[in-house]
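Remarks on the structure that follows.
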Amino acid sequence: MSDFVLTARVCKSNAEQFPDILKLFVQPPAKVLDMTYGNGVFWRKVTGVYDVTKNDIDPSRGNTHHDFTDLPANWRERFDCVVLDPPYLGVGGIKTLKKSIDRGYKNRARAEADLAGISAVRRLYARGIIEAWRVLKRSGILVIKTMDQVESGQQNWLHVDLMEMCRILGFKNEDLLVFVNHPDNPPAMRHEHQLHARRNHSYWIVARRRP
């Protein structure tokens, strides 16, 4: 069983599960665009030889520095795979965010720019998905990392919203993998009481651009 990729996996970091997705859907030497490279955590345990464009708007990270919602015009249909992992924590998540995580996602900076609400998060993803469709080759793979949110006491099933966005924008949803937090990394609690189950998992959406 250890050789099989499972739908859910307990992990300490994204680096442990991301290679599973590549194993199933992206064979080397594919041309891959990581739209939101950050600290490069996804790639730390990838063993295949991929041609990776490491894009991050922060000039101190990656090797290209474009806004992922406005990529170069000449990148049209250039990549076999695109990875999208933008800042997606809502206001509540930002208040309990670990500094180590914020260094990768820059959620606090986004909040200061008045982009912290769940509606703004949806718009950010939508713009990223549109650009991914443009720069992907036909039948190329889009990998999205996301997590559902609670805002003002209301559940927001972000992974469902994004899968519907993908369908509307010309993708076929191929798979959904669940990242389960390792017990050594429990979710933070802002209050002593709770209205909903505390979320200790996130999602990888795998979608294919239609030919």
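The values are calculated or read from the model by the stated rules, or taken from the named source; none is laboratory data. These numbers were taken from a predicted model, which means no experiment stands behind them. Positions of Cβ are backbone-derived with ideal geometry, glycine not excepted, and every protein chain shown enters the neighbour counts.
Going by the structure shown, is LEU84 modelled with pLDDT of 85 or more, under 23 Å from MET165 (Cβ atoms) and touching a helix residue (DSSP H, G or I) at 6+ places or on another chain (Cβ under 7 Å)? Steps first, please.
Numbers: modelled with pLDDT of 85 or more: yes; under 23 Å from MET165 (Cβ atoms): yes; touching a helix residue (DSSP H, G or I) at 6+ places or on another chain (Cβ under 7 Å): yes.
In short, yes.
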Go through the stretch 135-165 residue by residue and tally those that are in contact (Cβ under 8 Å) with a residue 12 or more places away in the chain, of a type in the set (S, T, N, Q) and over 17 Å from LEU33 (Cα atoms).
4
Please enumerate the residues belonging to the stretch 134-161 that are hydrophobic (A, V, I, L, M, F, W, C) and either touching a strand residue (DSSP E or B) at 6+ places or on another chain (Cβ under 6 Å) or at positive phi (or both).
VAL135, LEU136, ILE141, LEU142, VAL143, ILE144, MET147, LEU158
Mind listing whichever residues of the stretch 119-133 are under 23 Å from VAL52 (Cβ atoms) and surrounded by fewer than 16 Cβ atoms within 10 Å (Cβ to Cβ)?
ARG127, ILE130
So, in the stretch 19-35, of the ones that are in contact (Cβ under 8 Å) with a residue 60 or more places away in the chain and touching a helix residue (DSSP H, G or I) at 6+ places or on another chain (Cβ under 9 Å), which residue ends up farthest from VAL49 (Cα to Cα)?
MET35
Considering only residues of the stretch 1-26 that are in a loop (DSSP other than H, G, I, E, B) and polar (S, T, N, Q), which is surrounded by the most Cβ atoms within 10 Å (Cβ to Cβ)?
SER13
Go through the stretch 27-47 and report how many residues are within 19 Å of THR146 (Cβ to Cβ) and either more than 16 Å from the chain's Cα centre (by Cα) or in a strand (DSSP E or B) (or both).
3
If we scan the stretch 55-62, do we find a residue that is of a type outside the set (Lys, Arg), closer than 26 Å to SER139 by Cβ and out of contact with any strand residue (DSSP E or B) (no Cβ under 8 Å at 6 or more places or on another chain)?
no
When you scan the stretch 148-171, how many residues do you find that are surrounded by fewer than 18 Cβ atoms within 10 Å (Cβ to Cβ), in contact with a helix residue (DSSP H, G or I) (Cβ under 8 Å, 6 or more places away or on another chain) and at pLDDT 95 or above?
3
